[in-house]
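S.K.: Questions regarding the structure given below will be posed in turn.
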Amino acid sequence: MATDRFQGHDYFLMDELLSEEHKLVRNSVRDWVKKEVSPIIEDCCQKAEFPKHIVKGLAEIGAFGPYIPEEYGGGGLDQISYGLIMQELERGDSGIRSTASVQSSLVMYPIFTYGSEEQKKKYLPKLASGEYLGCFGLTEPDHGSNPNGMLSNIKDAGDHVILNGSKMWISNAPFADVAVVWAKNEDGKIQGMVVERGMEGFTTPETHGKWSLRASATGELVFDNVKIPKENIFPNVIGLKGPLGCLNSARYGIAWGAIGAAMDCYDSALRYSKERIQFGRPIGGFQLQQKKLAEMITEITKAQTLTWRLGVLKNENRATPQQISMAKRNNVDMALKIAREARQIHGGMGITGEYPIMRHMMNLESVITYEGTHDIHLLITGMDVTGENAFM
Ligand code: TGC
Ligand code: FAD
């Protein structure tokens, strides 16, 4: 990719709603992305390679567990800071944001929220420092939108349990040191546990051939009679609300992240529209291109206001899962539509790696599916407003 000339977009002066700390966090991650992500990301995606060295850098900028208390190695920051970090990382690439949001919201969050004191002390500092990379295993080959039907199971065997089953589409899996895994006990109730690389019978084959999130490593988790010590099971949660609680945090981060991807596409399209001359004038002077750009900044601004308000509610512990679903669904859809329009503004150049557009667009095709599909989030909102459950 050519030099990263990104500038933030703040049409409604949203910065005035941010604290000095928020702006410091946002700007330092933005600078880091320009220095460490932008120069390598196109090449990584073209080669479908996960830039493993980036894990250390993400830890150094505080992208792992920003809202986890400092005593466990986290950043002790608020939810808006967390959101801004996700926004800036996804401005660079959704796959980089994925690595960080899985580590923070799907691995550190459940250990912090559902884990024993020993589990917190054992895993959280190493996850925060990047010594350990984690992954989250909920989805199975036959159970994606409906995780309650999962087949992975544990059987009691004295001081340990025996884990069998498999998980599919797991971000970070091929490189993960630890996996937070959800499986049913003998009563059919879902329990969470930490599975460590090296446990006999545990393998993580990589998923190849993706056209999306190519800089993020995706894989399976396969459990063949894996002995899990009972002290690795989360003592403080049982049932589907365990994994779904983690998803609230991750979906919230994605709502912010999608704004980052959208801003990058808009920023690139706006600049291109001023520099590209056709029929003797910049294409930004034509009404059809202005319509696209005006609608883009309108949608970005609407998403920024929605998401900032969600962050305030989250800081006050008042954000509902349904509000989070609405923001995740709206913002990812918004970003994907902007990526498609931005691609057109760039003409033929839009399909090349000279510009970030096509990469964002392909990435967002995963983001609109994972953490609950576009349809599932619509049904969550539908159920909330009507009181009728359309899932059954
Ligand atoms: P349902 O009967 O509605 O609920 C079961 C229990 O869970 C509670 N609950 C929640 N708790 C916390 N947060 C939420 N968001 C919750 N939603 C529901 C609920 O109150 C109930 O509790 P209790 O105490 O009564 O037992 O469950 P259901 O089986 O009907 O399913 C509901 C549905 C469809 C909304 C849910 O299954 C769903 O969200 N499906 C989508 C699955 C999904 O999002 N998978 C994501 C996998 S992880 C991933 O994609 C990571 S990508 C990461 C990256 O790379 O960035
Ligand atoms: P399905 O559930 O089979 O859905 C197929 C289609 O049917 C969708 O359009 C869906 O909206 C629709 N549909 C399903 N049910 C209904 C309904 N009731 N009403 C109307 N329409 C419906 N999972 C993890 O656990 N951990 C991870 O780290 C992780 N990372 C991922 C990374 C990538 C790159 C991808 C692509 C996925 C990842 N996932 C992960 C899995 C992801 O969460 C699932 O793909 C997602 O939840 C959808 O499940 P599915 O793919 O099985 O689709």
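None of the figures in this text is laboratory data; all of them are computed from the coordinates on show. Quantities reported herein were computed from a predicted structural model and do not represent experimental measurements. Heads up, the Cβs are rebuilt from the backbone with ideal geometry, glycines too, and the neighbour counts pull from every protein chain shown.
S.K.: Hey, what did segment 1-150 get for relative contact order, percent, Cα under 8 Å, at least 6 apart?
M.R.: Over segment 1-150, the number comes to 22 percent.
S.K.: I would also like to ask the following. Using the Kyte-Doolittle scale, find the helices of the chain whose mean hydropathy is at least -1.0 and whose Cα atoms extend 24 Å or more along the helix's long axis, counting only whole DSSP H runs.
M.R.: Length and hydropathy pass: 241-275, 287-315, 321-345.
S.K.: How high is the relative contact order of the chain, in percent, with contacts defined as C-alpha pairs under 8 Å that are six or more residues apart?
M.R.: The normalised contact order for the chain reaches 18 percent.
S.K.: Let me ask something else about it. If you add up the charges near Trp169, with Lys and Arg at +1 and Asp and Glu at -1, over every other residue whose beta carbon is less than 15 angstrom from its beta carbon, what do you get?
M.R.: Summing Lys/Arg as +1 and Asp/Glu as -1 gives -3.
S.K.: Rank these for me by crowding, His208, His22, going from fewest to most other beta carbons within 10 Å.
M.R.: The most exposed by this proxy come first: His208, His22.
S.K.: Taking Cα pairs under 8 Å and at least six residues apart, what relative contact order does segment 134-232 come out at, in percent?
M.R.: For segment 134-232, the relative contact order is 33 percent.
S.K.: In the Gaussian network model of the chain, springs joining C-alpha atoms below 10 Å, which of Lys167, Lys120, Lys328 carries the largest mean-square fluctuation?
M.R.: Most flexible of the set in this elastic network: Lys120.
S.K.: Using Cβ counts within 10 Å as a stand-in for footprinting exposure, how do Ser212, Ser268 rank, fewest first?
M.R.: Ser212, Ser268
S.K.: For a test of understanding, tell me how many lysine pairs in segment 1-146 have Cα atoms under 24 Å apart, given they are 8 or more places apart or on different chains.
M.R.: Lysine pair count for segment 1-146: 16.
S.K.: Here is a follow-up. Pick out, from Gly188, Ser216, Gly239, the residue whose Cα sits farthest towards the positive end of the charge dipole of segment 186-255, with +1 on the Cβ of Lys and Arg and -1 on the Cβ of Asp and Glu.
M.R.: Towards the positive end, the residue furthest out is Ser216.
S.K.: For each of Arg30, Arg340, count neighbouring Cβ atoms within 10 Å of the residue's Cβ, then give the residues from fewest to most.
M.R.: Arg340, Arg30
S.K.: Once amide H atoms are placed 1.01 Å from N in the peptide plane, what residues at a sequence separation of 5 or more from Ala319, or on another chain, have their amide H within under 5 Å of its amide H?
M.R.: Lys314
S.K.: With charges set only on the Cβ (+1 for Lys and Arg, -1 for Asp and Glu), what does the dipole of the chain come to about its Cα centre, in debye to the nearest 20?
M.R.: 900 debye
S.K.: With Cβ to Cβ distances under 15 Å as the rule, what net charge do the other residues near Leu378 carry (K, R +1; D, E -1)?
M.R.: -2
S.K.: Moving on to the next point. Taking the Cα centre of segment 166-205 as origin, sum charge times position over the Cβ atoms of Lys and Arg (+1) and Asp and Glu (-1), and report the length of that vector in debye to the nearest 20.
M.R.: So the dipole magnitude of segment 166-205 works out to roughly 160 debye.
S.K.: Quick check on the chain: helices-only [θ] at 222 nm, where DSSP H runs of length 4 and up contribute -39,500 (n - 2.57) each and the sum goes over total residues. Nearest 500, please.
M.R.: When only DSSP H runs of four or more count, the value is -15500 deg cm²/dmol.
S.K.: While we're on this one: Where does the charge balance sit around Glu186 when Lys and Arg score +1, Asp and Glu -1, over other residues with C-beta under 10 Å from its C-beta?
M.R.: +1
S.K.: Another question, if that's okay. Using the crude model of +1 on Lys and Arg Cβ and -1 on Asp and Glu Cβ, and no other charge, please compute the dipole size for segment 7-154 relative to its Cα centre, in debye to 20.
M.R.: Here segment 7-154 has a charge dipole of around 340 debye.
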